């Protein structure tokens, strides 16, 4: 590699890391909101991906178990700068919230204080505004045709009527089938074969990673050792490998693995999970909090790092495994139709999340609604950074409820 190429790679890596670090520090609202942040940053502002490429990666991550928004960020980094980009994207997006959750394991804020309640209330309004913007933006691009609009509405209604984690999986599968059966190839909104995903590794490497995923799952499922680090890796790998539907769905798995056996106090578990809702970045960094609290002969930092790495690891392994195969499948017209159906269902899923739990937990009176409307104006009309949105919503809630 020439000096010029090294310099260019370093510059691209630095830009990628800083972009994801900014998102890791400002992306409040959980997985559904992260999709909106990513689309705005990487498709609309930086144009690192086309709408088609973003849609493909999003559909893949929605299908796989694991933290969908973090897998999407990992995939964007992989597409942009190969393995180096994937690692940098993960580190930058995850590090801020992981450090916060690790610190909270030693000092939990008084959640009953007026300041704490006002701050959390403001951050919930931030999530509402961001997801509303995401639904509006993505619906224009992914539901431009009548067929996709019907799928989006049916997905929305299904999730409102049956608000269970498994409903989302069923909705996505049915939407994929509807797209395959009823769409013609030219109705695949914003999906074109010339916008393929950049995958540097081969199908053989992808198969190797698929085998690695199942090998580790078999080891952690069948074998038990009296070692706290192994217990931590086992607990969090199995949780990350078996959860569909994002961060909120992993809660019962982690509770059964840590609270039921007495490793962590139930009150501490619930307090930490509540705090995780109020910070930016992926919800899976709740694992840093739990890892620090798990009884161990090793320092809390070590068990926290093991917990974070192993809860994200299975989802990332699956992304690496599936992308080379997807590059081949994307050449078939049927895959275009399936993706169009999936993307339409994702819009419906986002819209359902916008109402419940985001709207229902964020808006309690006319003042909350007014704050949200003004924040939406700041974001969509004036195109201000989400950081200003956080300052507005949280600041005004604290001023109204405390001062």
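The values are calculated or read from the model by the stated rules, or taken from the named source; none is laboratory data. The structure presented is a predicted model; accordingly, all values stated were derived computationally and were not measured. Please note: Cβ atoms are built from the backbone with ideal geometry, for glycine as well, and neighbour counts cover all protein chains shown.
What the table shows:
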quantity: Failed item in (1) over 14 Å from residue 312 (Cβ atoms); (2) in a helix (DSSP H, G or I), with residue 91 passing the rest; calculated: (1)
quantity: Criterion violated by residue 52 - all others in (1) buried (at least 19 other Cβ atoms within 10 Å of the Cβ); (2) in contact with a helix residue (DSSP H, G or I) (Cβ under 8 Å, 6 or more places away or on another chain) satisfied; calculated: (2)
quantity: Among (1) modelled with pLDDT under 75; (2) in a loop (DSSP other than H, G, I, E, B), the one test that residue 120 misses; calculated: (2)
quantity: Matching residues, segment 365-403, being exposed (fewer than 14 other Cβ atoms within 10 Å of the Cβ) and free of Cβ contacts under 8 Å to residues at least 24 places away in the same chain; calculated: 365, 366, 370, 373, 377, 381, 382, 383, 399, 403
quantity: Only one of 70, 75, 97, 55 that is in contact (Cβ under 8 Å) with a residue 60 or more places away in the chain, in a helix (DSSP H, G or I) and more than 29 Å from residue 291 (Cα to Cα); calculated: 55
quantity: Flag if residue 378 is part of a helix (DSSP H, G or I), within 14 Å of residue 139 (Cβ to Cβ) and in contact with a helix residue (DSSP H, G or I) (Cβ under 7 Å, 6 or more places away or on another chain); calculated: no
quantity: Given (1) surrounded by fewer than 19 Cβ atoms within 10 Å (Cβ to Cβ); (2) in a helix (DSSP H, G or I), number of the condition residue 47 does not satisfy; calculated: (2)
quantity: Output for segment 187-207, where each listed residue is outside any loop (DSSP other than H, G, I, E, B), crowded, with 16+ Cβ neighbours inside 10 Å and modelled with pLDDT of 50 or more; calculated: 206
quantity: Residue check for residue 68: modelled with pLDDT of 95 or more and either within 14 Å of the chain's Cα centre (by Cα) or buried (at least 24 other Cβ atoms within 10 Å of the Cβ) (or both); calculated: no
